[in-house]
Structures are given as structure tokens and as C-alpha cells.
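*Asks:* One structure follows; several queries about it will come next.
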Amino acid sequence: MGKFRKEGKKEVPQVSTSSLPDIVYMLIFFFMITTSMRDVELKVKTAMPKASEIQKLEKKALVSSIYIGPPRDAKLGTESRIQLDDAFARPADIADWIQKERDSRNEADRPLLTTALKVHKETRMGIVTDVKQELRKVGAFRINYTTLKGSALEN
Amino acid sequence: MARKVPEINSSSQADIAFLLLCFFLMTTSMDVDYGITRRLPPPVEQNDEDVKVKERNVMNVLVNKNDRLLVNGRPSDISLLKDEAKRFMTPRPNDETAPETEKKTFDLVGEVLMSKGVISLQNDRGTSYAMYISVQNELARAFNELREEMSMAKFHKHLDQLTEDQTKAINDAVPVRVSEAEPVVYGTN
């Protein structure tokens, strides 16, 4: 029915971009909330082994990490070292460090504190055992061997 | 007469917002950490008496500094460890060589036959961490398979579909009985 056909060329209306900033702001807020900036500069290599029977580490605020691995700086050799926060440490320093980590959490959370061991796969167990013995002495019993997802038989 | 305030041009607002968005997109790290969670035992007193455990109730797993496995005195391989551990921990009341068993009753699951077996894990100071994790993982896998079997038998559901109470009941009925030996220093490495 030509009766209803409009005369002349049809114009596509311009898409309004006035809501674009709002959309972008929403995305910003999402990323601002989910972001967690890397809090330590890694001085040791931590290529972790794979495992399949793993659990998710819940509540990142209650996790403190100990990094163990060969130093990134080749001048320091290849023997595995322990890194606490931003510096190299000895096993004897762990007791003080755990105390400091406990003090920085509120009292109710302290028993739930988990120590994540992020260890390079070629590290020898000697140093890891030393760390575990120190953790036992100060009563930090909850530990997590952080691993990648995969089959343990490929390690 | 009020002066007309010129309207601020807001067309660049989107660009500013995009800049901020790019910044947060790049700095964000949504990687979640996964790992094997374990509970360390409290430190032992030096004069504590050793708890005597019957030999048939213990499966000794030794890992030497060359990452070789010794299971109950026999050389083994990591690919066999899961099945060996599972076989060992499966309650077999009529087998004299298997660990002893006892009957216990739990909420929800009722009476279950439990193995008194313990897997004792000992490693050398020279064992590689990758091997240690592999061994821990294979042992955990053995226990998880036993739990899965129990879950299927008692609730006819997979382990990850159970309710919180059911999961707890299964975990109580099939506890992870892995004991790590106290570190021993054999001379110096």
C-alpha cells in the first residue's frame, strides 16, 4: 500500500553518545573495586609446580605469602632464597614476620590467617622444611602450597 | 542582569573516563590462587614418647634426593602411588596384611567401616619441591577418590553436589590420614 510509504529518503537517526561516559564510568568502578595491585616486587623466581587436587584460596586479605626460589638477579647465584615482603630473609626471620602479619589483622581474623608458600619447583625441600618448622614453632599451622592447575604427573 | 555562564564542554569527559578505564584494566589482576591446603602439626616435645603404630597400619612413603620413591621398602613410581595409597586405605576387614579396621557411626552416613591405616611421608632435604607436591597431590587424589566412592554409595551424588553437612560427614568418615615425619638430618648434604 503505497499510501503509507513516506516520501523522500529515510534518515537513520544519530545514535546518542551522551550515555557513553556513564557506561565507561560503570566499567571503571568495576575495575577499581576488583583491582588489587601487586604488593611486592618479586626478587625470586616462582615457577610453581602443577597439582590437580587443589582448593581456591578464599579471602585474599587473610593470606600472607612466603616466596622461595632462586634469585632473579643472576649475580646472587642459583641457590633458593626466601623472600618475605620485599626483602630476602633467613628462616630465623619468619617468627617476627608472622607476628607482624598477625598484628596487622584484626583480632577476630588472626586464627584464620593462612600462609601461602609460593615455591619454585626446582627448589630443594631442605629450605621448605626449615620454613615449615619455623611456622610450626610460632603456631601458624594453616598453610597452602600454592600451585598451578594441571596434572601432577607432568611436573 | 545575570551574566550567562558559558556551558563547559563535556565532550572530552568520555576520553578522560576511557583513560582511567585503560589504567585500571592494565593494573588489575584477577588471578585467583589455587593450592593444596594442609595443616601443620603442632611442634612435638622432645621427651614425648613415640606413639606405637602397628606395622600393618603404616604405609611408608620415602622420597630420596634423586626424587625416587620407596613405598614400604619397595621402589615405586609416582604414577602408581595413587592406586597404592587407595588400595592401602580401602578397608578390607578380612585381609591380614591390610590395615586394621573399625566400625564407627557418623551423622548422615551412618555406620561405616574405617581403616586405621596411616600414610607416613618422609622426604630428604634434597628432594625437589615439584616431586614433593606431586606426592602430596597423588595422596590427596587417593583420598578424594575414596570420598567420591563413599559419596556415591551413601548419597548417590557426586562429591561436589553434596550439601555442606554431607560434605562434612564424608570428610569425617574418610579423613586424610597422611602424617609427615619429623625432619631427620642424616649428616650434612
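The values are calculated or read from the model by the stated rules, or taken from the named source; none is laboratory data. It should be emphasised that the depicted structure is a prediction, and the values quoted were computed from it without experimental measurement. Positions of Cβ are generated from backbone atoms using ideal geometry, with glycine treated the same way; all protein chains shown enter the neighbour counts.
*Asks:* Any residue at all in segment B:165-184 that's more than 8 Å from chain A (Cβ to nearest Cβ), out of contact with any helix residue (DSSP H, G or I) (no Cβ under 7 Å at 6 or more places or on another chain), among the β-branched types (Val, Ile, Thr) and within 12 Å of B:VAL109 (Cα to Cα)?
*Replies:* yes
*Asks:* Would segment A:68-80 turn up any residue that is surrounded by fewer than 19 Cβ atoms within 10 Å (Cβ to Cβ) and hydroxyl-bearing (Ser, Thr, Tyr)? Let's see the steps before the verdict.
*Replies:* Step one: list which residues in segment A:68-80 are surrounded by fewer than 19 Cβ atoms within 10 Å (Cβ to Cβ), which gives A:71-79.
When the remaining residues are screened for being hydroxyl-bearing (Ser, Thr, Tyr), the result is A:78.
Among the residues of segment A:68-80, at least one is surrounded by fewer than 19 Cβ atoms within 10 Å (Cβ to Cβ) and hydroxyl-bearing (Ser, Thr, Tyr), which makes the answer yes.
*Asks:* When residues of segment A:47-65 are filtered for being aliphatic (A, V, I, L, M) and over 11 Å from the mean Cα position of the chain (by Cα), how many remain? Before the answer, list the steps.
*Replies:* Looking only at segment A:47-65, we keep the residues that are aliphatic (A, V, I, L, M), and these are A:47-48, A:51, A:54, A:57, A:61-63.
Imposing the further condition that a residue be over 11 Å from the mean Cα position of the chain (by Cα) reduces the set to A:47-48, A:51, A:54, A:62.
Residues that pass the stated criteria total 5.
*Asks:* Among the residues of segment A:74-114, which ones are away from chain B (no Cβ under 14 Å), among the hydrophobic types (A, V, I, L, M, F, W, C) and either closer than 18 Å to B:SER128 by Cα or in contact with a strand residue (DSSP E or B) (Cβ under 9 Å, 6 or more places away or on another chain) (or both)?
*Replies:* If the condition is that a residue be away from chain B (no Cβ under 14 Å), among the hydrophobic types (A, V, I, L, M, F, W, C) and either closer than 18 Å to B:SER128 by Cα or in contact with a strand residue (DSSP E or B) (Cβ under 9 Å, 6 or more places away or on another chain) (or both), then A:LEU76, A:LEU84, A:PHE88, A:ALA89, A:TRP97 are the ones that fit.
*Asks:* Going by the structure shown, is B:SER151 away from chain A (no Cβ under 12 Å), touching a residue at least 24 places away in the same chain (Cβ under 8 Å) and of a type outside the set (A, V, I, L, M)?
*Replies:* Values: away from chain A (no Cβ under 12 Å): yes; touching a residue at least 24 places away in the same chain (Cβ under 8 Å): no; of a type outside the set (A, V, I, L, M): yes.
Spelling it out, it is not the case that B:SER151 is away from chain A (no Cβ under 12 Å), touching a residue at least 24 places away in the same chain (Cβ under 8 Å) and of a type outside the set (A, V, I, L, M).
*Asks:* Could I ask something else about it? Of the residues A:MET32, A:MET26, which single one is outside any loop (DSSP other than H, G, I, E, B), over 17 Å from the mean Cα position of the chain (by Cα) and either at pLDDT below 85 or of a type outside the set (Ser, Thr, Tyr) (or both)?
*Replies:* Details: A:MET32 fails: over 17 Å from the mean Cα position of the chain (by Cα).
Testing whether each residue is outside any loop (DSSP other than H, G, I, E, B), over 17 Å from the mean Cα position of the chain (by Cα) and either at pLDDT below 85 or of a type outside the set (Ser, Thr, Tyr) (or both) leaves just A:MET26.
*Asks:* Also, quick follow-up: Kindly evaluate A:LYS132 against the criterion of being facing chain B (nearest Cβ under 7 Å) and part of a helix (DSSP H, G or I).
*Replies:* Values: facing chain B (nearest Cβ under 7 Å): yes; part of a helix (DSSP H, G or I): yes.
So A:LYS132 fits the description; yes.
*Asks:* Among the candidates A:LEU153, A:LEU117, A:LEU148, which residue alone is facing chain B (nearest Cβ under 9 Å) and either of a type in the set (Ser, Thr, Tyr) or part of a helix (DSSP H, G or I) (or both)? Break it down into steps so the answer makes sense when it comes.
*Replies:* On the way: A:LEU117 fails: either of a type in the set (Ser, Thr, Tyr) or part of a helix (DSSP H, G or I) (or both); A:LEU148 fails: either of a type in the set (Ser, Thr, Tyr) or part of a helix (DSSP H, G or I) (or both).
Criteria check complete, one pass: A:LEU153.
*Asks:* Are any residues in segment B:69-126 within 22 Å of the chain's Cα centre (by Cα) and hydroxyl-bearing (Ser, Thr, Tyr), and if so, which ones?
*Replies:* B:SER76, B:SER79, B:THR90, B:SER115, B:SER120
*Asks:* I'd like the residue in segment B:60-89 that is of a type in the set (Asp, Glu) and outside any helix (DSSP H, G or I) and, out of all such residues, is nearest to B:GLY126 (Cα to Cα).
*Replies:* If we filter segment B:60-89 for residues that are of a type in the set (Asp, Glu), which is where we start, we get B:67, B:77, B:83-84.
Then keep just the ones that are outside any helix (DSSP H, G or I); that gives B:67, B:77.
Details: B:ASP67: 8, B:ASP77: 18 Å.
The selected residue is B:ASP67.
*Asks:* From the set of residues in segment A:27-52 that are at the interface with chain B (Cβ under 7 Å from one of its Cβ atoms) and in contact (Cβ under 8 Å) with a residue 24 or more places away in the chain, which is farthest from A:TYR145 (Cα to Cα)?
*Replies:* A:SER36
*Asks:* Any residue that is under 18 Å from B:VAL71 (Cα atoms), in contact with a strand residue (DSSP E or B) (Cβ under 8 Å, 6 or more places away or on another chain) and within 14 Å of chain A (Cβ to nearest Cβ) - is there at least one of those in segment B:107-122?
*Replies:* Yes, segment B:107-122 contains a residue that is under 18 Å from B:VAL71 (Cα atoms), in contact with a strand residue (DSSP E or B) (Cβ under 8 Å, 6 or more places away or on another chain) and within 14 Å of chain A (Cβ to nearest Cβ).
*Asks:* Specify which of the listed residues (A:ALA140, A:ALA108, A:ALA92) is on the phi < 0 side of the Ramachandran plot, in contact with a helix residue (DSSP H, G or I) (Cβ under 7 Å, 6 or more places away or on another chain) and either at pLDDT below 90 or surrounded by fewer than 19 Cβ atoms within 10 Å (Cβ to Cβ) (or both).
*Replies:* Values: A:ALA108 fails: in contact with a helix residue (DSSP H, G or I) (Cβ under 7 Å, 6 or more places away or on another chain); A:ALA92 fails: in contact with a helix residue (DSSP H, G or I) (Cβ under 7 Å, 6 or more places away or on another chain).
One residue alone meets the criteria, A:ALA140.
*Asks:* Let me ask another. Can you confirm whether segment B:40-60 contains a residue that is of a type outside the set (A, V, I, L, M, F, W, C), buried (at least 18 other Cβ atoms within 10 Å of the Cβ) and either in contact with a helix residue (DSSP H, G or I) (Cβ under 6 Å, 6 or more places away or on another chain) or closer than 29 Å to A:ARG136 by Cα (or both)?
*Replies:* no
*Asks:* Among the residues in segment B:40-59, are any more than 18 Å from the chain's Cα centre (by Cα), in a helix (DSSP H, G or I) and at pLDDT 85 or above?
*Replies:* Yes, some residue in segment B:40-59 is more than 18 Å from the chain's Cα centre (by Cα), in a helix (DSSP H, G or I) and at pLDDT 85 or above.
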